[in-house]
1. Cβ contacts < 6 Å: first residue assigned to a loop (DSSP other than H, G, I, E, B), restricted to region 143-160; second residue not acidic (D, E), any location; separation 6+ or different chain. Result?
2. Got a sec? Which of T168, T155 is at pLDDT 85 or above and β-branched (V, I, T)?
3. Run P72 past the list (1) within 14 Å of the chain's Cα centre (by Cα); (2) at pLDDT 95 or above and report the number of the one that doesn't hold.
4. I'd like the full set of residues that are closer than 17 Å to A113 by Cβ and either surrounded by fewer than 18 Cβ atoms within 10 Å (Cβ to Cβ) or free of Cβ contacts under 8 Å to residues at least 12 places away in the same chain (or both), limited to region 41-58.
5. Filter region 92-133 down to the residues that are assigned to a loop (DSSP other than H, G, I, E, B) and in contact (Cβ under 8 Å) with a residue 40 or more places away in the chain and list them by number.
6. Can you tell me which residues in region 61-91 are closer than 18 Å to H154 by Cβ, in contact (Cβ under 8 Å) with a residue 24 or more places away in the chain and in contact with an Asp or Glu (Cβ under 9 Å, 6 or more places away or on another chain)?
7. Residues of region 103-130 being more than 14 Å from the chain's Cα centre (by Cα), of a type outside the set (G, A, S), surrounded by fewer than 16 Cβ atoms within 10 Å (Cβ to Cβ) and over 13 Å from A32 (Cα atoms), which ones?
8. Could you tell me how many of the residues in region 59-69 are crowded, with 20+ Cβ neighbours inside 10 Å and not in a loop (DSSP other than H, G, I, E, B)?
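The values are calculated or read from the model by the stated rules, or taken from the named source; none is laboratory data. What you see is a predicted model, and the numbers here were worked out from it, not measured in a lab. Backbone-built Cβ (ideal geometry, glycine too); neighbour counts: all protein chains shown.
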Amino acid sequence: MRATKMLLSTTLLLALAAPCLGDRPSAASNDAEAVGQATTEFYQGLNALFTGDASPMNQVWSHADDVTYMGPGGGILIGWERVRDIWESQAALKLGGEVLPDEVSVTVGGDLAIVYCREVGNNLDADGRPLQVSIRATNVFRKENGEWKMIGHHTDLLPFLDGQSAATASN
């Protein structure tokens, strides 16, 4: 909840600062707001994934051949088809719980944006007990046809997932 409030606070701050920037908000402030929204949508999609629904990731991610995924289970995946497959595999795990971004930092330059954060929350083990999540994450977005789409996701490893997606990711 705190991370969502932080994203909303950042968006509100940008909206309040816009009048100070002239008659129209700058493209940079509009892009920062849009990247903030894309980040929110990614984490909403991630939490939907924990319930078994991978479909929101189709909306958030670019479907290009150069997207990359280096998630909490290890391995490196390149290309939308491989990334989509790992999201579907992770959805099948139905990890439950909720993970939100915290300590969010957004950098926007041209048609690329980087979001650094800490992913915090919990997933559930097979017996329904919470497993704490607190890992660093880097999310990379690209502006495609006027929309910010994720093209890269890289996190620390989670000990309770280590190796689960690494086998899938091997060439």
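1. Pairs found: D156/I135; D156/R136; L157/P72; L157/G74; L158/P72; F160/L131.
2. T155
3. So P72 meets the others, but not (2).
4. E41
5. Listed by number, the residues that qualify are K94, L95, G96, G97.
6. Matches in region 61-91: S62, A64, P72, G73, G74, L77.
7. The answer is L124, D125, D127, R129, P130.
8. Here the count works out to 3.
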